[in-house]
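Before any comments, here is the structure.
The values are calculated or read from the model by the stated rules, or taken from the named source; none is laboratory data. None of the values given here were measured: they were computed from a predicted structure. Note that we place each Cβ from the backbone using ideal geometry, even for glycine, and neighbour counts take in every protein chain shown. Each accessible area value is taken on the protein alone, full model and side chains, heavy atoms only, with ligands, DNA and RNA left out. Shrake-Rupley method; radii C 1.70, N 1.55, O 1.52, S 1.80 Å.
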Amino acid sequence: MFTGTYTAIVTPFKNGAVDEAALDRLIQRQIKGGVDGVVPVGTTGESPTVDYEEHILVIERSVKFARGKIKVLAGTGANATKEAIYLTQRAEDVGADGSLQVAPYYNKPSQEGLFQHFRAIAHATRLPIVLYSIPGRCGVEIGVDTVRRLTRECPNIIGIKEAGGSCDRVSQLHAVLGPKFEILSGDDSLTLPFMAVGAQGVISVASNIIPREVTQMVDAFACGDMKKASHLHAKFMPLFKDLFIETNPVPVKASLAMLGMIQEEYRLPLVPLSNANRAKLRATLKTCGILK
C-alpha cells in the first residue's frame, strides 16, 4: 500500500503564508520524478509551526496537486490524542490516502500510553495508518511489542516509518510482524541497509531534491540490481548526510532555494543555515552534480 519512495515534502512559505503555487510545482516535480507518494506536514513539512487551518490546507492542496497520480500519506500525528484524531479525520475528509502518526513528543508516554493513543486514533478513522518511531525527536520509541499489539487490534495500522537508526530493530519488526507489515526507512542514508533486512522503501528528505534518483535507487534494490542501487547510494551519500548538517528541514529548504524552486523562508524557532554550513551544502550539491 505504501511501499517504495515517499517524499517528506517541505512546506514552502512566502511572506509568512503557505506558498500554494510553489507546493504545486514541487508536487508536480515529484510526479515527474516517479515517486510513489508524498508525505505533507510531517517533520520536514514543519508541522509544529503551522496552525490547524494551514495543516489541513497543505494536505488538501497536496491531494489536489497529486491528482490521483501519486499517493498522499498525510502527517496528522500530535502529542495530544484529541488533536491527532481531529487532524486525521480532517485529512480523511479532504481525500488523503493514509495517515502518518508520529509518536507523541515531549510528554513521553509509557508503552501502554502509546498503545492507547494509537488505538484511539485508528478506531476514529478508516484511513490506513503508518506509525512513525523517531526517538531522537520524541524521546520515546514505539516498542516492537506495542506495534504487534496495535496490529492485532487495529487492522488499519499497516506499517511504520522507522527512524531509530537500527537495522536490528528493523529485523525484529520484520520477524515479528511478517512481510505484509510495511516498514519504511526514515533516514536516506540507511535506506539500503534497512531494505536488506526487511524494509520496503523510504520516506525521504533527499527526494525533495532528487526524486528520480532516490526512486531509482529504491526500485533497483527491490528488483535485485544491487550494483545500480549501491552506485546511487554512494553517489548521493554526501547529500544524504549534509541534508542534516543542521536541523531538518533547514538544509533541504536551503537547497531547494539554491535551485530556485522555493523562497527560503522558515518560521521561528527555525532559522537559516549558518554561512559555513551553507557553503558546505552548496559544495555538496555541486559535487553530486545537482547544482552547477
**Fill in**
Scanning the stretch 171-195 residue by residue, those open to solvent by 10 Å² or more (accessible area, probe 1.4 Å) and within 17 Å of the chain's Cα centre (by Cα) turn out to be 182, 186, 187, 189, 190, 192, 195
**Test result for residue 198, open to solvent by 40 Å² or more (accessible area, probe 1.4 Å), at positive phi and in contact (Cβ under 8 Å) with a residue 12 or more places away in the chain** = no
**Prompt:** Which one of the conditions (1) more than 21 Å from residue 11 (Cβ to Cβ); (2) open to solvent by less than 50 Å² (accessible area, probe 1.4 Å); (3) out of contact with any Gly (no Cβ under 9 Å at 6 or more places or on another chain); (4) without any contact (Cβ under 8 Å) to a residue 40 or more places away in the chain does residue 114 fail to meet, given that it meets all the rest?
**Reply:** (3)
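Only one of 41, 102, 18 is more than 25 Å from residue 261 (Cβ to Cβ) and β-branched (Val, Ile, Thr); which?
Values: 41 fails: more than 25 Å from residue 261 (Cβ to Cβ); 18 fails: more than 25 Å from residue 261 (Cβ to Cβ).
Result: 102 is the single residue among 41, 102, 18 that is more than 25 Å from residue 261 (Cβ to Cβ) and β-branched (Val, Ile, Thr).
In the stretch 105-190, which strands (runs of 3 or more DSSP E) lie fully inside it and hold 1 or more residues that are over 22 Å from residue 214 (Cα atoms) and out of contact with any Pro (no Cβ under 9 Å at 6 or more places or on another chain)?
Numbers: elements: 129-133, 157-162, 182-185.
Strands (runs of 3 or more DSSP E) meeting the threshold: 129-133.
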**Request:** Would you mind telling me which numbered condition in (1) closer than 21 Å to residue 8 by Cα; (2) in contact with a Gly (Cβ under 8 Å, 6 or more places away or on another chain); (3) at pLDDT 95 or above; (4) not aliphatic (A, V, I, L, M) residue 159 fails?
**Result:** (2)
**Item:** Subset of the stretch 195-209 that is out of contact with any Gly (no Cβ under 9 Å at 6 or more places or on another chain) and part of a helix (DSSP H, G or I) - its residue that is nearest to residue 239 (Cα to Cα)
**Value:** 206
**Request:** Considering only the stretch 244-279, state which residues are over 16 Å from residue 48 (Cβ atoms) and aromatic (Phe, Trp, Tyr).
**Result:** 244
